[in-house]
1. Picking from PHE387, ASN327, GLN347, whose Cα lies most toward the positive end of the charge dipole for segment 301-428 (charges on Cβ: Lys, Arg +1; Asp, Glu -1)?
2. Quick one: if you take sqrt(5λ) for each eigenvalue of the C-alpha gyration tensor of segment 539-610, what semi-axes come out, biggest first, whole angstrom?
3. Too long at a 18 Å Cα-Cα cut-off: which of LYS521/LYS600; LYS607/LYS629; LYS607/LYS694; LYS649/LYS694; LYS600/LYS640?
4. Which order do peptides 382-395, 510-523 fall in by mean Cβ count within 10 Å, highest first?
5. I need the chymotrypsin sites (Phe, Trp or Tyr not before Pro) found in segment 668-721, filtered to DSSP loop residues with at most 14 other beta carbons within 10 Å of theirs.
6. Could you work out the Rg to Rh ratio of segment 291-436, with Rh taken as the Kirkwood radius (inverse of the mean 1/r over all Cα pairs)?
7. Pop out the carbon and sulfur fraction of the accessible area of segment 624-732 as a percent, whole number, probe 1.4 Å.
8. Which FRET efficiency value, to the nearest 0.05, is calculated for LEU307 and TYR342 with the Förster distance at 22 angstrom and r the Cβ-Cβ distance?
Amino acid sequence: MAGACGKPHLSPESLSGKRRLEPDQELQPQEPPLLRDADSSLSDSEESVFSGLEDSGSDSSEDYTEEVDGADCDKDGNRTEKACGAQVQAGPPGPRTEEEGALTRDEYEEDSSDEEDIRNTVGNVPLAWYDDFPHVGYDLDGKRIYKPLRTRDELDQFLDKMDDPDFWRTVQDKMTGRDLRLTDEQVVLVQRLQRGQFGDLGFNPYEPVVDFFSGDVMIHPVTNRPADKRSFIPSLIEKEKVSRMVHAIKMGWIKPRRPQDPTPTFYDLWAQEDPNAVLGRHKMHVPAPKLALPGHAESYNPPPEYLPTEEERLAWMQQEPCERKLNFLPQKFSSLRTVPAYGRFIQERFERCLDLYLCPRQRKMRVNVDPEDLIPKLPRPRDLQPFPVCQALVYRGHSDLVRCLSVSPGGQWLASGSDDGSLRLWEVATARCMRTVLVGGVVRSIAWNPNPAICLVAVAMGDAVLLLNPALGDRLLVGSTDQLLDAFTPPEEPTLQPARWLEASEEERQGGLRLRICHSKPVTQVTWHGRGDYLAVVLSSPGHTQVLIHQLSRRRSQSPFRRSHGQVQCVAFHPTRPFLLVASQRSIRIYHLLRQELTKKLMPNCKWVSSLAVHPAGDNIICGSYDSKLVWFDLDLSTKPYKVLRHHKKALRAVAFHPRYPLFASGSDDGSVIVCHGMVYNDLLQNPLLVPVKVLKGHTLTRDLGVLDVAFHPTQPWIFSSGADGTIRLFS
């Protein structure tokens, strides 16, 4: 190839037999291509780039280059030697020399017909089809175009990039897989296109606009085309239309417009309906109802047993008209001529006419609906397993009603509080009472610390919250909990707090008591944060100090609210976000603890909210009420209830979510626990699936109270329930 032989990077072997350069004939730096003539500055390889052909000397493989260059140089002979020598020895030519050379040069002097045409002929085919093949397409002769060997790693490529000053203008042809070096003209063209300019240097986008049409009156028209024949010959189509309209007028189908009569028109109310109407085409014959045949009571001379007595007559008069068996009283007449006229004839006829006048004149289509189709299609309970189905164990030992219970994070121990003034710790697997702690008062609420690294139980008794170390399970865990509590150092200047933190005495420490948090009012509920350092309590006192938040590590207490929005029933921490949910009698408010603002207000439409539970994912909430409603809220959907379940017959006392399984349960005063399947999907466009799966019974009603608290096992599909009968039952 002529263009390939003239490249300066060829090896000495490929230039054998050619005149070598003398020491004083070194290559001079050439003038940039942009300053030279466009026709004379383009080599054969560069012309092939502009013509869509690829130069064979641009391959990165040295062997392939030497083979092609050597073959082409031998083939070209003396012409190639002269061209190569001229290119090597040529210095920077002047402008006059270039012009003279362009005038005397023959256009067929450099014939590039012998150079290899590696144009890819696959057409508009995705090149990804050739990823698994060694070639990338086919040339004009049908031979495969093999991909260049790229055995260099990224380090070699980086070194080549740093050594090669023209790397920035080298691109890869996807059709052949070879590297192309852009010329200066091509680089200038790309830069102009990137700046949003036109590719042609001589194009002026701001040339003056020549207005073809002007406002001057011209003598000669723009076009002088003769008029069409159809402009003066009548149209046959219009003639046919006119003849049709004349015929319609003669037949009376088209009537001339007449002035409208301002007098109102009356229509017959009882006329037959239009048979062309939509409902008129459906002949729905409604037969008249068949009246019962007259009996002996309707006779003018009934038998004596059908005549009412005086007591029956007075009772019939005192009854409501809708409750009477007969709308008349049987009477006895001697003959038919003595029967008087009906006294309510005119009144009933008037009511009948009034009904016909006010009745709708539109006939309605009757829709036959199968009642079974109205029942929603729910999955079978066996497809929603596992869930608790039967009673497994009964924990007996309390002498009074059990108000609250809580399960340890590991699921091995169970704590329960009762009105008999005792706190009992049970082993879940055997229903054995491991320890009994007498607190000396009614236990209103109990909560086990959810942090597995802390062994503490918070007990709400009277106006204090007791923090007990049950000393069950791992001794290292029990000891680390005591070390954590003992490591606290009180501040030098005590701050004013709404509650007092008191250390337990030595005698109380032997019973398990570690700290006592004293309040000014009785405590009704205590609950832990998910991390186990904060706990919230609810006081039965009006005002803004109904809810307090305590920090265990720093032994600090604070009142987060400045004003009250009603009597607080219960509170709960959000499992993943810094939210505090506060349930009052008629609403549920969600507060952002970091921003210290109200985020959302939920309206459950209940008379009195009794309990609250948050889904482990945090996007759904359920609450129970004393008017036997269980309300499901979807926080991403609305502030109004997504679903209201009325499965219980009496007041709901407790609701709970399972931390792992899609289950939630509710306990009621009717003595039953209803377990429901509540699947929450990650897709926001799919609503939660709520299906009741099981009704668990076992508690006996005592003092009109049934189930007082429910709690799920943390790892198993089990549920615990405490009742007014003084027992705790495990359903598995």
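1. Sorting the options by dipole projection puts first GLN347.
2. So the equivalent ellipsoid measures 21, 15, 11 Å along its semi-axes.
3. Values: LYS521/LYS600 28 Å; LYS607/LYS629 10 Å; LYS607/LYS694 26 Å; LYS649/LYS694 15 Å; LYS600/LYS640 11 Å.
Beyond 18 Å: LYS521/LYS600; LYS607/LYS694.
4. Details: 382-395: 15.0, 510-523: 17.5.
So the order, starting with the most tightly packed, is 510-523, 382-395.
5. Numbers: sites: TYR681, PHE712, TRP718, PHE720; in loops: TYR681, TRP718.
Those that pass, being in a loop and sparsely packed, are TYR681.
6. Working: Rg = 36.0 Å, Rh = 25.0 Å.
My calculation of the ratio gives 1.44.
7. Working: 2190 of 4510 Å².
In segment 624-732, the share of accessible area belonging to carbon and sulfur is 48 percent.
8. Numbers: r = 19 Å, r/R0 = 0.88.
My answer for the efficiency is 0.70.
The values are calculated or read from the model by the stated rules, or taken from the named source; none is laboratory data. Since the model is a prediction, treat every value here as computed from it, not as a measurement. Methodologically, a virtual Cβ is constructed for each residue, glycine included, from the backbone with ideal geometry; neighbour enumeration extends over all protein chains shown. The accessibility values were calculated without ligands, DNA or RNA, using every heavy atom of the protein model including side chains. Shrake-Rupley method; radii C 1.70, N 1.55, O 1.52, S 1.80 Å.
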